[in-house]
Structure formats: C-alpha cells, structure tokens
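The values are calculated or read from the model by the stated rules, or taken from the named source; none is laboratory data. Predicted model only: the values in this text are computed from it and were never measured. Every residue, glycine among them, receives a Cβ derived from its backbone with ideal geometry; neighbour counts consider all protein chains shown. To get the accessible areas, we keep the full protein, side chains included, count just its heavy atoms, and leave off ligands, DNA and RNA. Shrake-Rupley method; radii C 1.70, N 1.55, O 1.52, S 1.80 Å.
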There are 2 protein chains.
Amino acid sequence: MLTAHTIKVLQSLDKKKFRQKYNLFLVEGNKIICELYNSNFKIKEIFSTDPQKLGRSDVPVTHISENELKKISFLQHPKDSVAVCHINTEKKSEDKNIQLILDGIQDPGNLGTIIRLADWFGIEQIICSEDTVDFYNPKVIQATMGSFTRVNIVYTNLVEYLSKTENVNIGTDMEGENIYTFQKPEKINLILGNEGNGMRPETEELLQKSIMIPRFGKSQSTESLNVSMAAGIILGQLFRV
Amino acid sequence: MLTAHTIKVLQSLDKKKFRQKYNLFLVEGNKIICELYNSNFKIKEIFSTDPQKLGRSDVPVTHISENELKKISFLQHPKDSVAVCHINTEKKSEDKNIQLILDGIQDPGNLGTIIRLADWFGIEQIICSEDTVDFYNPKVIQATMGSFTRVNIVYTNLVEYLSKTENVNIGTDMEGENIYTFQKPEKINLILGNEGNGMRPETEELLQKSIMIPRFGKSQSTESLNVSMAAGIILGQLFRV
C-alpha cells in the first residue's frame, strides 16, 4: 500500500527542486533497476507490481497494484517497478582522453541520448555547464537506458574548467576543420552547445580547435543535424582506429 | 473561420486511414511550409494566425485565431500556420548509389530523424517495407524539419525489391564487418531493421554483406545504439572520402 504522502513525494521528483530537497530520484523498469545493483547508486526502496522478478533481497520492496504504479510512474506506459534512489555526491574524476563537455543542453532526450552514446564509446566522463538539464530528470534517466550508471556526470562552471584543463577544447562550427581529415589530438574535450543557440561566447573563446561534419546534400535549406546525432557522427570519426 | 466539418476532417489526418481517404496531410509551421513552395508537394490551403508572414499569394490562406489553431494543430505548442497538402503519387526512381532501406521502422521520431539524415548526406531515395510507419504521419513530417520535401520515399514489397536490385544489400549485425575497415561497394542499399526485432528473416536472407559499429565501452549491459543513431554513424563512415 502506498500512502498519500509517499505518492506526493514520489510525484514531486520530476522537479529538480524536490529531487534536491529529498536527495532522491526515480528509476523505472526492472531492466534498468537491475543495472543499479552493479553501480555506485544506492537504492532506497522499490515499488513493484511483480516483486519476484527483482531478484535481490537487500533492498526493501513494496508490492503495489497496477493502479498505484500508474500514480507514481512518469512513463506514459508504466513498466513493472519504480526504484527510489539516492542522489550521489558529485565528484569530478581526473580528465580522460576523450570527454564530452555540454554547454547548456536543454532537451532531456538529447542528454539521455548523449549519455548512451558516451557509454557505447566507453567515454567515462561528461562535464556539464550548470544550466545543462539535470541528468536525474526522469526523462533523461529513461532515455539513457541505464547508461547513466556507467558514465560520471558532473556539473561545473565551464569557463573555469575549460581554462584549466590540459585536454584540447574542440567545438563544432560549419567553418571548422573537416572531421574526415582532422588530425585528432591525444586528449580531447568535445564541446557540444545548446540546441538553439550553440555554445556561449565565453565557451567559444576557450576553444583551441573547431571541427565540422561536411553536408553532402545540396540544399541550403537543410537543417543542421540535431546535437546528439552530430555527437554520434563525430565520435564515430574520433574513435576510428 | 473554421467550420466544425473542416476541424473534424483536419483532426482526422493523424490517422493513415483518413489521410488516404482525403488524400491529404498536414504540415505545421511557416518555416517548413515555405519549403513546400520549392518542392513537388502541392498545398491545398493554409490556415494561419499571421497570413502576412507566408509570402505567397497563389495558395488560399484563411486567417484563424490562436484558439482555432489549437483545435487543428497536432503539436503540443502550435506554431503559426497549418498547411493542408495533397499526398503525392508514389514513384520509385531508379536505384541511387547509396539508398536507405527500412524494414519495419515503427517510431515516427526515428523515421523523421532518418529522413533528415538522408537529406544531410544527399541520399535521394528511401525504400520502406509496407509496414514501416507512414511518412505522412504528422509526427514524422515534423521530425524531418522539412527534409521530406527533398528525399523520395517509397513503400514497397522489400523481398521483391531486394531480390532484383543491383545495389549491394548491406545489413547491420554485431557479427558483421567492422565499419572502420569495411571496403564499401560502389552501389549500396543500407538496410535498417525494426527497433525491437531488427530485420525480418526474409530480408536477412537477401543480404550480401553485414557491417557493425564496434562498441568501445566495456560493459556488456550497454544497450545497442538506437536505429537512427546507428544509421548516422554508419553513414558518417560510408561518406568518408
């Protein structure tokens, strides 16, 4: 049974303010919840319509009805279980050879896709400007398909960070070097800007290089690629052996 | 003024059945509507809250209120105008050097993203299995950002088509050739399968080659890449000069 108070608290967790107040976030679906077991994230409790499928016994599990699940799920089609997890203390690791730097990414789906890409390419750290969408946002968590458990994500003052890093700061720009002929440095910060406005001018000033994906289509009206797609295509080149 | 009948007809156009009945589909937002002017698509009429912004005079434009716009728009945040357009007669062009073949793509966002990618890379034709989501679906049209006007999209029996084509049929498969060392044929059909189930067995039988994107992340739990992201990364390699 879910109390009205619990429902209210869980429903509030789609807002950053309340995630920070309670220091909690939600993960939905057994598949992703099981990935939490092998991660640094600690589960507080699980609400499940089918507790037997969850396996582990060291986390309190409450059996709930489908109707109760609907009340606490943020998904259009709720899955089997909802795990309430503790937010981790952020800790930047030392710079890695390839890192992603996000300057004001706003769309939860884009951030989720970028985290999933990072996981695919084995990128261990993503550094975000303070105004980048919160990765504990339930839409981001779901879009990562569990990849958020394997990538260290930190929020910081980018100008400060980019001024000090020894990685080469690389941005994207239609006037930049062609990714197909670009000679990649050993240590890279690939910087991705906001969906509508791109990078902030302060960030742009701290770039050492710019790259671009050549457009083969001839129409001038073709929209530039979505930021996560551009990231995927660029990473595909940077990881080319 | 919009009549109740017009509203009813326009609202029905999110269903394929009614698009086919009326032979009409909707395009929303001045930016994409203006791209229709230079395309093969014919506009029947436009409903706009700000007709002066539309420029052209050879299409009937009805001035509507914000409230009326809300009634006919499929967008969560309706834009300025809605164009009612005629569905084109499908006509397959001759095979191009690089084509995309879609075997049962279901998600409108994925199809839209793939059409936008094709436009970016100058791919002129996409051939879809008959059960691939209809590209006139309003969610697909919006996700293409206007690119559907520059790519020829046809629906056909894939087994029949793939048996006859002279292009090399290439699928994706984790056991396939590494995209970084793959020697690309001159004429390519890149085949992308359904989001959950991949290609149909009948399609798979008609492949001449398989390729894969190597995963650099070490975790076995990492989900495979989303189909449109995989398409982007593969095209990034196929177009490498």
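Figures for the structure shown
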read-out: Computed lengthening from A:Val241 to A:Lys92, 0.36 nm per intervening residue step minus Cα-Cα distance; value: 50.8 nm
read-out: Whether segment A:49-198 is rounded, prolate or oblate, judged on the alpha carbon gyration tensor where a/c under 1.5 counts as rounded; value: prolate
read-out: Phi-based couplings in Hz for segment A:150-160 (Karplus 6.51, -1.76, 1.60; Gly and Pro marked x); value: 10, 10, 7, 10, 10, 10, 7, 6, 5, 4, 4
read-out: Flagged links, alpha-carbon separation over 19 Å, of A:Lys53/A:Lys79; A:Lys92/B:Lys218; B:Lys21/B:Lys42; A:Lys16/B:Lys70; A:Lys218/B:Lys92; B:Lys42/B:Lys91; value: A:Lys92/B:Lys218; A:Lys16/B:Lys70; A:Lys218/B:Lys92
read-out: Per-peptide average of other Cβ atoms within 10 Å, ordering B:199-206, B:135-142 highest first; value: B:135-142, B:199-206
read-out: Loop trypsin sites (Lys or Arg not before Pro), segment B:55-137, which have at most 13 other Cβ atoms in a 10 Å radius of their Cβ (DSSP); value: B:Arg56, B:Lys91, B:Lys92
read-out: Residue-wise HN-Hα coupling along segment A:187-203, computed from phi with Karplus coefficients 6.51, -1.76, 1.60 (Hz; x: Gly, Pro); value: 10, 10, 10, 8, 9, 10, x, 4, 4, x, 10, x, 6, 6, x, 4, 6
read-out: At least 30 Å² accessible surface lost relative to isolated chain, residues of segment A:218-241 (1.4 Å probe); value: A:Ser221, A:Thr222, A:Glu223, A:Leu225, A:Met229, A:Ile233, A:Gly236, A:Gln237, A:Phe239, A:Arg240
read-out: Heavy-atom SASA rank of B:Ser147, B:Ser39 (probe 1.4 Å, accessible area, largest first); value: B:Ser39, B:Ser147
read-out: Of all accessible heavy-atom area on segment A:62-158, the percent that carbon and sulfur account for (1.4 Å); value: 45
read-out: Rounded to the nearest 20 debye, dipole of segment A:4-86 from Cβ charges on Lys, Arg, Asp, Glu; value: 460
read-out: 5 angstrom amide H check on A:Cys128, placed H, neighbours 5+ away; value: A:Leu102, A:Val154, A:Tyr155, A:Thr156
read-out: Protein heavy-atom accessible area occluded, A/B pair - total, 1.4 Å probe, Å²; value: 3300
read-out: Partner aspartates and glutamates for A:Lys8 [C-alpha distance under 20 Å; skip if fewer than 8 residues away on the same chain]; value: A:Glu28, A:Glu45, A:Glu66, A:Glu68, A:Asp80
read-out: For segment A:4-86, with +1 on Lys and Arg beta carbons and -1 on Asp and Glu, the positive-most of A:Tyr22, A:Leu75, A:Asn40 along the dipole; value: A:Tyr22
read-out: Other-copy label distances relative to B:Lys164, 7 angstrom Cα-Cβ extension, nm; value: 6.6
read-out: Shortest-first distances to equivalent copies, position A:Asn40, nm, label 7 Å out along Cβ; value: 5.4
read-out: Sparse-neighbourhood loop sites, GluC sites (Glu not before Pro) in segment A:94-193 - DSSP loop, at most 13 other Cβ within 10 angstrom; value: A:Glu94, A:Glu130, A:Glu166, A:Glu186
read-out: For chain B, accessible area per residue (1.4 Å probe, heavy atoms of protein chains only), Å²; value: 48
